[in-house]
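Single-structure report; data block below.
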Amino acid sequence: MQDYKPRLEQRLDSLREPFAAFIRAQATASGFLLLALIGAMLVANSPFAQQLVSLQDYELGLVFGQQEFTWSLLHLVNDGLIAVFFFLIGLEVKRELLAGELQDIRRVGLLLSAALGGMLAPAGLYLVVNSLGGGVVAGWGIPMATDTALAIGVLAALAARVPRSVVAFLVGVAIIDDIGAILVIALVYTDRLAWPALLAAIGSIAVLMLLNRSGVRHPLMYVAVGLLLWMAIVQSGVHASLAGVIVAATVPARPRIAPRQLKKRIHRAADELDADAHHEKVLGDAGTHDQIARVERVAQAATTPLRRWENSLELPVALLVLPLFAFLNAGIELSTQSLRQVLADPVAWGIVVGLTLGKPLGLWLGVRLGERAGLAARPRGLDDARLLGVGLVAGVGFTMSTFIAHLALEGTPETLESAKLAIVAASAISAVGGYILLRRAAARH
């Protein structure tokens, strides 16, 4: 079989696949997020702290004639780029509902009871702490969510010590957590509504639904209408992150042709190819190029846009969007004054108690109540020790908790800084505590 590749490229190919597998791994994604978090903390407490603030305030924008549209980099990431993250979450949730963990009604009872307990208990503890301490009660949504990437990274560090059923349980709970966080953002942390912009957003949603029903599968159409939807939602007063979730809900989830048709069409297209064609003919002869391109088009018709776009976005989100969000938002100055402020702030205590105690307690209570009601059944290997360990790991809430903190505490910068430091501290406690509990449970088993 003739190979057109130069020898250097052949040698690089032997390294490329292992490297690609490493980059695609969930542990690698959580590693990049952790590096960005640590980097932001180091920069914020170094002589370059002012440069980090300047980077956050750096203006970017567009000019149309006399009209200028500018955003700070922090605003662009928190209100714009983060919509891509929510788009990916929306794709994952839709896939799980149609063909994954959330499709199996026997599994949904367990995951739903656990996730509801894991959301309500942290929010309840936060409200108790801040009601008694005179804090900002509006921040009750901060300790509700789980950072899926970092949580899975903790389990990945335990490798084979954690059964796959336990990993699947955590992923399922995190998905429902994400749905809960999205609903909280939409219903609670939304400004006053501007009805003309909201009507424009509804019109954009109708167009997206029409594209889906018409069988349109080209991503550019969804991107174009999705951008219009994002702009309308920004102007409407609803947070822009919801635009990503809404667009994801309209992405086609069915293949155009069945696998049986794919096999026939691929064989037909392959039979028409000249097996002895040189690479010059592939490059120069339009007919040969079209024959090969037809194979690609047939293969794409047998896949689903939802899964294809989800796979294509996993790396950009994991390696760019989330680390950039972490780097711009986690730059917290550590000083005696800031630590003293955190210790005296009921918001910070509510977050720490909610994430480190509320999450494991809520998951455990949710599962136990679901079992007693006959709605939930644990998978093999998920005993109480592992359930509490997973509950602690679910208390790693950095990305979504920080995002909600910006919405809930926007008008109180000092409280926001305390909240972000509390999120980092609580996430670290939860990660270390969950790791120790799960490692000990594995040793007993």
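From Q50, Q2, Q10, Q66, grab the single residue that is at pLDDT 85 or above, over 25 Å from V245 (Cα atoms) and not charged (D, E, K, R). Spell out the reasoning first.
Numbers: Q2 fails: at pLDDT 85 or above; Q10 fails: at pLDDT 85 or above; Q66 fails: at pLDDT 85 or above.
Going through Q50, Q2, Q10, Q66 in turn, the sole match is Q50.
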Subset of region 232-276 [at pLDDT below 85 and in a loop (DSSP other than H, G, I, E, B)]: G237, V238, H239, A240, R256, I257, A258, E272, L273, D274, A275, D276
Scanning region 95-121 for residues that are touching an Asp or Glu at 6+ places or on another chain (Cβ under 9 Å) and more than 23 Å from L355 (Cβ to Cβ), the one modelled with the lowest pLDDT turns out to be L102
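Determine, yes or no, whether T415 is surrounded by fewer than 24 Cβ atoms within 10 Å (Cβ to Cβ) and at negative phi.
Working: surrounded by fewer than 24 Cβ atoms within 10 Å (Cβ to Cβ): yes; at negative phi: yes.
Criteria met by T415.
With the structure loaded, tell me whether L211 is free of Cβ contacts under 8 Å to residues at least 60 places away in the same chain, surrounded by 14 or more Cβ atoms within 10 Å (Cβ to Cβ) and closer than 28 Å to A149 by Cα or whether it fails that test. Outline the logic, then answer.
Values: free of Cβ contacts under 8 Å to residues at least 60 places away in the same chain: yes; surrounded by 14 or more Cβ atoms within 10 Å (Cβ to Cβ): yes; closer than 28 Å to A149 by Cα: no.
No.
Determine which member of the set S113, S54 is farther than 20 Å from H239 by Cβ, touching a residue at least 24 places away in the same chain (Cβ under 8 Å) and of a type in the set (S, T, Y). Spell out the reasoning first.
On the way: S54 fails: touching a residue at least 24 places away in the same chain (Cβ under 8 Å).
After applying the criteria, what remains is S113.
Against the condition at pLDDT 90 or above, buried (at least 22 other Cβ atoms within 10 Å of the Cβ), small (G, A, S) and part of a helix (DSSP H, G or I), how does G124 come out, does it pass?
Values: at pLDDT 90 or above: yes; buried (at least 22 other Cβ atoms within 10 Å of the Cβ): no; small (G, A, S): yes; part of a helix (DSSP H, G or I): yes.
So G124 does not fit the description; no.
Return the residues of region 333-344 that are under 28 Å from P47 (Cβ atoms) and surrounded by fewer than 21 Cβ atoms within 10 Å (Cβ to Cβ); say none if nothing qualifies. Can you show your working first?
Applying the first criterion (under 28 Å from P47 (Cβ atoms)) to region 333-344 yields 333-343.
Residues satisfying the conditions are E333, L334, S335, T336, Q337, S338, L339, R340, Q341, L343.
Taking the conditions exactly as written (touching a Phe, Trp or Tyr at 6+ places or on another chain (Cβ under 9 Å) and of a type in the set (D, E, K, R)), does D104 satisfy them or not?
Numbers: touching a Phe, Trp or Tyr at 6+ places or on another chain (Cβ under 9 Å): no; of a type in the set (D, E, K, R): yes.
Judged against the criteria, D104 is not a match.
Pick out the one residue from R386, R294 that is assigned by TED's automatic domain parsing to the domain that holds L438, more than 23 Å from the chain's Cα centre (by Cα) and basic (K, R).
On the way: R294 fails: assigned by TED's automatic domain parsing to the domain that holds L438.
Criteria check complete, one pass: R386.
Report yes if I105 is in the same structural domain as A377 (by TED's automatic domain parsing), of a type in the set (A, V, I, L, M, F, W, C), surrounded by fewer than 16 Cβ atoms within 10 Å (Cβ to Cβ) and out of contact with any strand residue (DSSP E or B) (no Cβ under 7 Å at 6 or more places or on another chain), otherwise no.
Numbers: in the same structural domain as A377 (by TED's automatic domain parsing): yes; of a type in the set (A, V, I, L, M, F, W, C): yes; surrounded by fewer than 16 Cβ atoms within 10 Å (Cβ to Cβ): yes; out of contact with any strand residue (DSSP E or B) (no Cβ under 7 Å at 6 or more places or on another chain): yes.
Yes, satisfied.
The values are calculated or read from the model by the stated rules, or taken from the named source; none is laboratory data. Just so we're clear, the structure is a prediction, and the values are computed from it rather than from any experiment. Cβ sites come from the backbone with ideal geometry, for glycine too, and all protein chains shown count toward neighbours.
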